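Enquirer: Okay, handing you the structure first.
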Amino acid sequence: MNLRTNVARGAVLAALCVATTALTAPQALAAEPHGNVAALAGTAGASAPFGALGPLTDLVIERIRVSDDVAASKFGTDSPIDDPARESEVLDRVREQAHANGVRPEAAVAFFRDQITASKVVQKGLFARWTAHPRQAPTTRPDLTVIRARLDRLTADLLHELGTTAQLRDRPTACSVELAWSTTSGAVLADLDALHRQALRAATPSVCG
């Protein structure tokens, strides 16, 4: 284990103490990063979330970040944040592909409903921010077709990871501990702001069966 990894692990451990844990105080992640936590995030640098659920959490965070581009592609257009047809398409595909990945269809659908909710948290938050502060609004509009291709890839990767972690996720206590570890470390290491940490919380209620 190299020095940078040791520093990152130490930083996240300290952040866990500051935030208590996601199990006992999930609202702690909603605060704006400041003081020691912000400093620790900068010290930790880019790294994957820790623990057995780290790879799954990493993909969840990546999907949340793609929501920034979704918002930028829709802002100032007639495209609504709520897109029931697209949501149904995603959930139908998830239901069909769940068994092949070793995941119960109902569990997969519940998880991806949370991912959709998390995306809306980001989109609505950014719409409100850009409306209130027009100078912060994006000046280019990403191609929504390209973004959806990225989301489809993430759907496949997330389903695979759900299958890989199925046994752990069926053990509620162990899963909750691992989820607290991976989401708290992921939020710090990815330097998520309050809006994106709120989305991360919205994306993870269905992780543990």
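The values are calculated or read from the model by the stated rules, or taken from the named source; none is laboratory data. This one's a predicted model, so the numbers in the text were calculated from it and none came from an experiment. Cβ atoms come from the backbone with ideal geometry, glycine included; neighbour counts cover every protein chain shown. Calculation scope for accessible area: heavy atoms of the full protein, side chains included, ligands and nucleic acids excluded. Shrake-Rupley method; radii C 1.70, N 1.55, O 1.52, S 1.80 Å.
Enquirer: Tell me the helices (runs of 4 or more DSSP H) entirely within the stretch 127-206 that contain at least 2 residues that are crowded, with 20+ Cβ neighbours inside 10 Å. Steps first, please.
Expert: Working: elements: 144-164, 166-169, 172-189, 194-203.
Hits in the stretch 127-206: 144-164, 172-189, 194-203.
Enquirer: Working only within the stretch 101-126, note down all residues that are part of a helix (DSSP H, G or I) and of a type in the set (Lys, Arg). Can you show your working first?
Expert: Residues of the stretch 101-126 part of a helix (DSSP H, G or I): 101, 105-126.
Within the stretch 101-126, Arg113, Lys120, Lys124 meet the criteria.
Enquirer: Looking for whichever is within 22 Å of Thr164 (Cα to Cα), part of a helix (DSSP H, G or I), modelled with pLDDT of 95 or more and open to solvent by 40 Å² or more (accessible area, probe 1.4 Å) here; the options are Asp69, Asp92. Which one fits? Working first, answer last.
Expert: Working: Asp69 fails: within 22 Å of Thr164 (Cα to Cα).
Answer to the selection: Asp92.
Enquirer: Here is a list: Leu168, Leu144. Which entry is at pLDDT below 95 and more than 16 Å from Arg95 (Cα to Cα)? Don't jump to the end; show me each part of the working.
Expert: On the way: Leu168 fails: at pLDDT below 95.
Result of the check over Leu168, Leu144: Leu144.
Enquirer: Quickly run through the stretch 72-89 and pick out the residues that are hydroxyl-bearing (Ser, Thr, Tyr) and either without any contact (Cβ under 8 Å) to a residue 24 or more places away in the chain or crowded, with 18+ Cβ neighbours inside 10 Å (or both). Can you show your working first?
Expert: Step one: of the stretch 72-89, the residues hydroxyl-bearing (Ser, Thr, Tyr) are 73, 77, 79, 88.
If the condition is that a residue be hydroxyl-bearing (Ser, Thr, Tyr) and either without any contact (Cβ under 8 Å) to a residue 24 or more places away in the chain or crowded, with 18+ Cβ neighbours inside 10 Å (or both), then Ser73, Ser88 are the ones that fit.
Enquirer: Residues of the stretch 95-117 being open to solvent by 20 Å² or more (accessible area, probe 1.4 Å) and under 20 Å from Leu200 (Cα atoms), which ones?
Expert: First, pick out the residues of the stretch 95-117 that are open to solvent by 20 Å² or more (accessible area, probe 1.4 Å): 95-97, 99-102, 104-107, 110, 113-114, 116-117.
Once the filter is applied, which keeps residues that are open to solvent by 20 Å² or more (accessible area, probe 1.4 Å) and under 20 Å from Leu200 (Cα atoms), the stretch 95-117 yields Ala107, Ala110, Arg113, Asp114, Ile116, Thr117.
Enquirer: From the list Ala128, Ala174, Ala180, Ala149, exactly one residue is in contact (Cβ under 8 Å) with a residue 40 or more places away in the chain and not hydroxyl-bearing (Ser, Thr, Tyr). Which is it? Break it down into steps so the answer makes sense when it comes.
Expert: Numbers: Ala128 fails: in contact (Cβ under 8 Å) with a residue 40 or more places away in the chain; Ala174 fails: in contact (Cβ under 8 Å) with a residue 40 or more places away in the chain; Ala149 fails: in contact (Cβ under 8 Å) with a residue 40 or more places away in the chain.
Exactly one residue qualifies, and that residue is Ala180.
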